[in-house]
Amino acid sequence: MLDSLEIPVASGPVRGRIRPPGSKSITNRALVCAALAEGASTLRGALDSEDTRVMIEGLRALGVEVAGTKPQADGNSSIVHGTGGRIPALEAELFCANSGTTIRFLTALVTLGHGAFRLDGTARMRERPIGDLLAALTQLGAQAVSENGDGCPPVVVHANGMAGGRATVRGDISSQFLSGLLMAAPCARSPVEIEIDGPLVSQPYVLMTLEVMRAFGVEVQASESLRQFQIDAPQKYGASDYAIEPDASAASYFWAAAAVTGGEVTVDGLSADSWQGDVAFVDCLEAMGCEVRRDANSITVVGRPLGGIDVDMNAISDTVQTLAVVALFADGETTIRNVAHMRHKETDRIAALATELRKLGGEVVERDDGLSIRAAKPRAAVIDTYHDHRMAMSCALAGLRIAGVRINNPGCVDKTYPAFFDDLGALLRGR
């Protein structure tokens, strides 16, 4: 991939239809549940990206047999030979790159084993918090510590099986801590009760976790408020032939392309009933003035004149960058609130957004928990991506309207969507 890539200005309204690759969030959850299951599972439509590759390599290092993704009519597939809740390896060094789902899910997973495990990642991963998960695992009988004592990776786990019991975990940094605990808990020696301390961010991702677990035969008793969870243990996951739907976060870029160019884009394979909370991104576009058509197996966005909105995006924070770029082309001010946890992602996404949107001519006010954006006179810019795939994909959309937008390090999209720029180009060409 080139060091930088100039985005071609759209020659008119972008029109077409597309099916994005499989959901990264669902793929990595399904890989974990399949690894813990009895028997072989087939994951159809699985995503092939950096985040899912490091998850698969981590599972292989733990002794789980995973066949590589294979092209299928509906995408890629993985075959996972489950271990019945056991961790075959007695020791392993797991490199998780900058994949939050991988390091957080595998940290919980390895506590089910017997032996010594070390999990590490990139320089940025060593800045991302995991201490709240380690504290919760300790309450469940594990020996899991931050190697440097700073609450961040590398993580060292001396495992002797998960005892079970009661744990409290903070919910305001990442819902991935809770999801990791939930998926490992059924394989504990005794029942597990989990209570959330403080607000729980990104709640749709927790509901996704529960749905994936259910598909592999495990039920969790959850309070309506998602503040208490009870998991019977020990119990077994069952193998599944499991279909993974397209990634709703990835779909947001194509819906946004319709919004900023006044075009019409249909995303196939997603509906308003999707487990992925990020389909609610189209509700934001609708509030800004777009027309949205929701069908049984597709969602279409038709671009209309855009107006600013004031929106709480806590539940769909992976689409904040996309909406922020759309806001550059709206009349009035757009305010995005309650997303402070974005500062702990692949980069500090609030600060990075403010910097890059200003390069493009936007008037931006940065706050602790979000930002406000007003359009200004657009100007060409070279966009820094901070090794963050979502910075690259979202800011590329500005180039559909502003000549001379270049994206630095476009290869960072390999984290979740290696073919993004190819698919965007094909849509622009009407293919």
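Read the figures in this text as sums done on the coordinates, not as results from a lab. Predicted model only: the values in this text are computed from it and were never measured. A quick note on method: Cβ atoms are made from the backbone with ideal geometry, for glycine too, and the neighbour counts reach across all protein chains shown.
Listing for the model above:
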item: Ranked Ser394, Ser175, criterion: other C-beta atoms within 10 Å, fewest first; result: Ser175, Ser394
item: Computed over the chain: relative contact order in percent, which uses C-alpha pairs under 8 Å that are six or more apart; result: 18
item: Distance violations [Cα-Cα > 19 Å] among Lys345/Lys415; Lys345/Lys377; Lys24/Lys415; result: Lys345/Lys377
item: Neighbour-count order for Leu207, Leu47, fewest beta carbons within 10 angstrom listed first; result: Leu207, Leu47
item: Computed over segment 24-229: relative contact order in percent, which uses C-alpha pairs under 8 Å that are six or more apart; result: 17
item: Angle in degrees between helix 248-261 and the longest Cα principal axis of the chain, rounded to the nearest 10; result: 0
item: Cα lying deepest toward the dipole's positive end in segment 1-94, options Asn76, Gly12, Pro88, charges on Cβ; result: Gly12
item: Pairwise label distance in nanometres, Ile79 with Glu38, each label 7 Å out on the Cα-Cβ vector; result: 2.1
item: Net dipole in debye of segment 24-229 [+1 Lys, Arg Cβ; -1 Asp, Glu Cβ; about Cα centre; nearest 20]; result: 180
item: Principal-axis tilt of helix 50-61 within the chain, Cα atoms, nearest 10 degrees; result: 10
item: Among Ala67, Gly39, Ile231 - extreme Cα towards positive end, dipole of the chain, charges at beta-carbon; result: Ala67
item: Amide H contacts of Arg170 (H built 1.01 Å from N, under 5 Å, at least 5 apart or other chain); result: Asp197
item: Whole-Hz ³J(HN,Hα) from phi, Karplus 6.51 cos²θ - 1.76 cosθ + 1.60, for segment 122-132, glycine and proline x; result: 6, 4, 5, 4, 5, 9, 8, x, 9, x, 5
item: Folded to 0 to 90 degrees: helix 203-215 orientation relative to the chain principal axis, Cα; result: 50
item: DSSP beta bridge pairing in the chain, given as percent antiparallel to the nearest 5; result: 65
item: Karplus-derived 3J(HN,Hα), 6.51/-1.76/1.60, for each residue of segment 158-175, Hz, glycine and proline x; result: 9, 9, 9, x, 8, 5, x, x, 10, 9, 10, 9, 5, x, 8, 9, 7, 6
item: Antiparallel content of DSSP bridges confined to segment 112-252, in %, to 5; result: 75
item: Calculated FRET efficiency for the pair Asp368/Ser190, C-beta based, R₀ 51 Å, to 0.05; result: 0.80
item: Thr138-Asp331 pseudo-label distance in nm [points 7 Å out on the Cα-to-Cβ vector]; result: 5.7
